[in-house]
Every structure is written in C-alpha cells, then in structure tokens.
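Below: the structure, in structure tokens.
The values are calculated or read from the model by the stated rules, or taken from the named source; none is laboratory data. Bear in mind that the values here come from a model prediction, so they are computed numbers and not experimental data. Here the Cβ positions follow ideal geometry from the backbone for every residue, glycine too, while neighbour counts run over all protein chains shown. Note: areas computed on protein heavy atoms with side chains; ligands, DNA, RNA excluded. Shrake-Rupley method; radii C 1.70, N 1.55, O 1.52, S 1.80 Å.
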Amino acid sequence: FIVNRMQSAMTREVVYLIENGYCTPEDIDLAVKTSLMPRGLLLGLVQRMDFNGLDMVAHGMNNKKFTPSPVVEQPKFIFDHVQKGEYGVKSGKGLYDYSHRSQVETLNYRDRLLLKSVALANETIKKPLNK
C-alpha cells in the first residue's frame with residue numbers, strides 16, 4: 001500500500017490546487033508528465049533526494065512558510081462532475097472529455113503507453129545509476 005498512500009497525499013494536493021484556483025487539471029498533468037514522472041521513472045522518489053542534495057531536502061523540510069494543504073471533505077469541482085454523471089473514462093467525460101473514442105479504445109491506448117513506460121522502467125532497474 002506504499003503507492004496508495006503516496007497517491008492519496010498527491011490527490012489531496014491536486015484537489016487543493018484546483019479547488020483554490022491555483023491551476024487547472026491540465027496545468028497539473030503537464031507539470032507532472034514533463035517533470036515529476038520522468039524523474040520518478042529514472043530515479044524513484046528516494047534516489048531523487050540524493051540528486052537534489054540532502055541538504056536541499058533538509059532545507060525544504062525546515063521551511064516554516066510551507067504548510068501542507070488541508071483535507072477538503074467534498075471538493076466542489078469533483079462533486080459537481082459526479083452530480084452530472086461525469087465519472088471519467090467510464091462515462092466518457094470527467095475532468096477531461098473522452099467522448100471522441102470508445103471506452104475500450106481509450107483504455108487500450110492507455111495500456112499501450114503504460115507498457116512502453118514499464119519497459120523503460122525495467123531498463124532503469126537493470127542498469128541503475130548507483131551501480
């Protein structure tokens with residue numbers, strides 16, 4: 001359940017950022033796809049701290065100006081979609097619009113991309129940067 005806990009923390013931050021108008025769902029996805037995930041694929045989350053420098057990690061943890069986002073019990077932007085029957089891929093629309101292709105086509109496309117990323121991840125496991 002390691003990843004589930006981490007995803008819950010990230011979801012809370014995503015909800016906070018969108019609900020408070022700091023950015024759009026597209027902004028978050030672009031930032032993650034172009035920075036966090038490529039680094040995560042290569043380094044993971046722990047080795048990334050070594051590359052950032054543990055002194056920088058410690059400095060960030062001592063930053064008293066940063067406060068984690070509070071838990072939002074019922075984020076309006078999510079519950080508005082649910083009330084409209086917009087559940088995501090399974091209904092053809094959610095935060096994004098998937099109506100241009102069938103659910104099966106959308107899932108197959110996602111799966112093809114995931115398989116490519118798993119192949120790359122396996123390569124980084126076989127030849128890690130610290131060996």
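Below is a table of values for the structure above.
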| read-out | value |
| --- | --- |
| Largest-first ordering by accessible area, 1.4 Å probe, given options Ile2, Ile78 | Ile2, Ile78 |
| Of all accessible heavy-atom area on the chain, the percent that carbon and sulfur account for (1.4 Å) | 60 percent |
| Peptides ranked, highest mean first, by Cβ atoms within 10 Å: ranges 9-15, 58-64, 118-124 | 9-15, 118-124, 58-64 |
| Net charge over other residues, Cβ less than 12 angstrom from the Cβ of Thr124 (K, R count +1; D, E count -1) | +3 |
| Long-range HN-HN contacts of Ser69 with modeled amide H, under 5 Å | none |
| Over the chain: helical MRE at 222 nm, DSSP H runs n ≥ 4 each giving -39500 (n - 2.57), nearest 500 | -18500 deg cm²/dmol |
| For Asp80, net neighbour charge (Lys/Arg +1, Asp/Glu -1) across residues whose Cβ lies under 14 Å away | +1 |
| Point-charge dipole on Cβ atoms (K/R +1, D/E -1) for the chain, about Cα centre, debye to 20 | 440 debye |
| Sequence of Tyr22, Tyr96 when ordered by accessible area, the most exposed leading, probe 1.4 angstrom | Tyr22, Tyr96 |
| Residue (of Leu129, Gln74, Gly40) at the positive-pole extreme of the chain, dipole from beta-carbon charges | Leu129 |
| Simple Cβ-charge dipole of the stretch 53-106, Lys/Arg +1 and Asp/Glu -1, about Cα centre, in debye nearest 20 | 100 debye |
| Over 26 Å between alpha carbons, listed pairs Lys65/Lys131; Lys33/Lys90; Lys33/Lys116; Lys33/Lys93; Lys90/Lys126; Lys33/Lys127 | Lys65/Lys131; Lys90/Lys126 |
| Counted charge near Val104, where neighbours are those whose Cβ lies closer than 12 Å (Asp, Glu -1; Lys, Arg +1) | +1 |
| Calculated FRET efficiency for the pair Leu115/Ser35, C-beta based, R₀ 30 Å, to 0.05 | 0.85 |
| Listed candidates [x] 17.8, 52; [y] 16.0, 52; [z] 21.0, 65 - label of the one calculated as Rg and Dmax of the Cα atoms in Å | [x] |
